[in-house]
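Just so it is clear, none of the values below were taken in a lab; they were calculated from the coordinates. Values in this document were obtained by computation on a predicted structure and should not be read as measured data. Note: ideal-geometry Cβ built from the backbone for every residue, glycine included; neighbour counts use all protein chains shown.
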Amino acid sequence: MRRILIFSSITKGVGIFEPFKTQTIDAMKGNLKERLETLAVVVLLPIFTAVVIFQFKQTTSKPVKVTAVMQAEYQSAADHSQYPILQQNFETPQAVTAACLTCHTKRDEEIMATAHWRWERTEEIPGRGEVTIGKKNLINNFCTGAQGNNGSCMRCHIGYGWEDKSFDFENPTNIDCLVCHDQTGTYFKQNGKAGMPATAATANAQFQVPDYNNVASNVGLPKRNNCGVCHFYGGGGNNVKHGDLEEALLDCSRDVDVHMSSEGLNMQCVDCHTTENHNIKGKAYSVSSANTNRVSCEQCHTTTPHQNRMYDHHTEKIACQTCHIPTYAKANATKLWWDWSTAGKSKDGKAYHESDYEGNHNYLSIKGSFVWDDHVQPEYYWFNGTADHYINGDTIAEIPLKINTLFGEYRDSTAKIWPVKVHRGKQMYDTETKELMNLKLFAEDPGTGAFWTDLDFDTAAILGMEYNERYYSGSYDFVRTDAYWPLSHQVAPKEQTLTCTECHSRDGRLANLNDFYLPGKTYNAYLDGFGIIVIILSVLGVISHGIGRYVYALRRKNQSK
Amino acid sequence: MERIKLYGKYERYWHWSQFGAIATLTITGFEIHSTYEFFGYERAVNIHNIAGWGYAVLLIFTYFWMFFSGMYKQFLPTRERFMEQLHYYTIGIMRNEPHPVHKTPDNKLNPIQRLTYFGLMWVLLPLQVLTGLMYLYIKVVKELFGIQSVEWIALSHTLMAFMVIAFLIVHLYMITTGKTLTTYLEGMITGKEKTEINSI
């Protein structure tokens, strides 16, 4: 009896079971139906209501606040100016390194194991196997290759005097501790000297002999300027290469970079590129290949940072960078095009340069034609953290030739969509061997055959190929080459994050990624066409039916008159 | 002419909330399909997901109601008087002939409606809800069924959405085919419908 009472009061209260009540009230005495019915109302309704509320809640939460310990805020426990060994009269920078190593024992071994020192890594590349590659032997899409141009390129090596192949990689005093650890901002490597700072013999107005006692007394963890002196200016000028790494980051607004902005967190490179035993986390895929030892946003932000299910689902297939770096080169322009084929022209027998309206070089006799741009919208590619590279000996098959190839596709569960700076250009290749070439570009004095002093491609090719022990047939031409640089810096404030329709639209940013179904972008033209025809036919059908009814009704009206 | 009680409270609640849900889902759904912009993409997605869940609840609840009240029987197709009904819709209605099937609370649907609503209630709408939920929880579905892409789920969801619109167009028109243009509309609002004395 009591059960029936409960049941009928519920149905009365909800008022939704009227037909049921009248039809089956006799049949329900103690039967199963009644229990199920009660179950349906009492249990299922609250469950479903809870589910809907839960769904709603998941779209409205606030992002998690991150608390992180900044590695760069570490203060040295020792005052280095108190150490007598650092106050000696240093004749050479190598003597400073020797002094450092008296206390910092074994650090030289750590350094000498890094790619910063060796300029190469042994890594596994899918489809190629284990290779030992890096800046040391790869050809790039800018000045093309370091080997043979040591005076200029090896200025960014963390050593002293890698002038040629005779450089001793096993000599610890060849390590330049100061270029990374100087906190005075006064220590610089001189240009054209293969990593050496100015000496009494080479000092000039721009580069003086460093005050070693002062510099060695003021050392600490690397700051943005220590890293930036190489990583901002690679390729021959500010922001030439990366597009998202440049001198503006030394002091920028939140709009340019939320992390490094001096208005905000003022984070240093090593806060993210965390370092143990001189092994600095992070990979630049212009030279790296393996998906190891990488920096990731998740280090601080976790894989579900949004507290919004819809956004958090995106992290499965979308790199954080894709939405959070809507444009790059936000303060200064970056180089997007480098055409070597126009290089070598001269005016009155001299090399010359031309600049675009913003003051960036668009032609240099010694390098060719350039296109620069700022506030550039990235291109988007699948990327799983592994990359292939053009390695000397590879023949050119596909044009444009990919200097580096980012692996990944939709079906690859480890791949995500990444924002990428694509640097396009043209560079020399041997028309017989179909290989890219090493050029002799840099020499201090004219007449030695280097391209930058003598503007002759053939001689530069002969010398460059000879230095790298490669065959050169003597005939060359230029080929289109592309380099892919995944972007991770210049993260925008959250207000500037990509909105949905930047990608979820017919001609959005992902218009070129066609190996998967993207809502709002992908559609099946046949299906949509069929659907529209069905709708049109339905409309026409009801209209003609309606007209028919109207006409017959009129006729009846007339007849009855 | 008499007014008989045809639609109970739950039926009307169900009908009008179903109408609201389907209208909402259609408007937001085709915005997600990039057919137009109205709410803004993100809001459209959120509304679509919530309305979709709400509709799923309504549908499941309605199945319970149908089952326990025996109303499901009204939605079973029948061949009886099917041809007469077809003749009425194509010719009889023009000539103002009497309706071949008389509506009663236990038999509200004519044979063509029975077929249509059977397809709607037991095929189109549940499949639409099912593909919608699979779409929404694609991550789980991928793991469960080992499928790679949302593509076929999304395409069938879109195709069925077009079918729902086609149904809506015809359905809205059919409202006007009562004794007067608004007879059926009033019926679904008040529950009572003016009906002819059965000629049979």
Handout entry: Burial ranking of peptide ranges B:132-138, B:36-42, A:437-443 (average Cβ count within 10 Å, highest at the top)
Key = A:437-443, B:132-138, B:36-42
Exercise for the section: Starting from the Cα of B:GLU42, step 7 Å along the direction of its Cβ; do the same at A:ASP482; then give the gap between the two resulting points in nm. Expected result: 3.1
Exercise for the section: Note the angle between two axes, namely the Cα long axis of helix B:125-136 and the longest principal axis of the Cα atoms of chain B, as a number of degrees from 0 to 90, rounded to the nearest 10. Expected result: 10
Problem - Estimated dipole of region A:441-547 in Debye, rounded to 20 [Cβ of Lys and Arg +1, of Asp and Glu -1, Cα centre] - result: 1040
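As a test of the formula, what do you get for chain A when each DSSP H run with n ≥ 4 contributes -39,500 (n - 2.57) and the sum is divided by the residue count, at 222 nm and rounded to the nearest 500 deg cm²/dmol?
Values: 18 runs with 154 residues, N = 561.
Here the helix-only value at 222 nm equals -7500 deg cm²/dmol.
Are there trypsin sites (Lys or Arg not before Pro) in region A:324-431 that DSSP puts in a loop and that have at most 11 other Cβ atoms within 10 Å, and which ones? Please list the in-between numbers first.
Working: sites: A:LYS330, A:LYS335, A:LYS345, A:LYS347, A:LYS350, A:LYS367, A:LYS402, A:ARG411, A:LYS416, A:LYS421, A:ARG424, A:LYS426; in loops: A:LYS330, A:LYS345, A:LYS367, A:ARG411.
Sites meeting the loop and neighbour criteria: A:ARG411.
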Completion exercise
Among the DSSP H helices of chain A, those whose Cα atoms extend at least 24 Å along the helix axis and whose mean Kyte-Doolittle hydropathy is -0.5 or higher are A:525-560
Handout entry: Cα centroid separation - region B:47-77 against region A:275-290, whole Å
Key = 57
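In a shell of Cβ-Cβ distance under 14 Å around B:GLY29, excluding B:GLY29 itself, what net charge do Lys and Arg (+1) and Asp and Glu (-1) give? Provide the component values of the computation, followed by the final result.
On the way: positive: B:ARG43; negative: A:ASP528, B:GLU31, B:GLU37.
Once positives and negatives cancel, what remains is -2.
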Problem - Relative contact order of chain A, defined on C-alpha pairs under 8 angstrom at six or more residues apart (%) - result: 13
Exercise for the section: Using +1 at the Cβ of each Lys and Arg and -1 at the Cβ of each Asp and Glu in chain A, identify which of A:LEU554, A:GLY185, A:MET428 lies farthest towards the dipole's positive end. Expected result: A:LEU554
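How big is the antiparallel share of DSSP beta bridges in chain A, given as a percent to the nearest 5? Mind dumping the intermediate values first?
Numbers: 42 of 48 bridges.
If I count the DSSP bridges inside chain A, around 90 percent turn out antiparallel.
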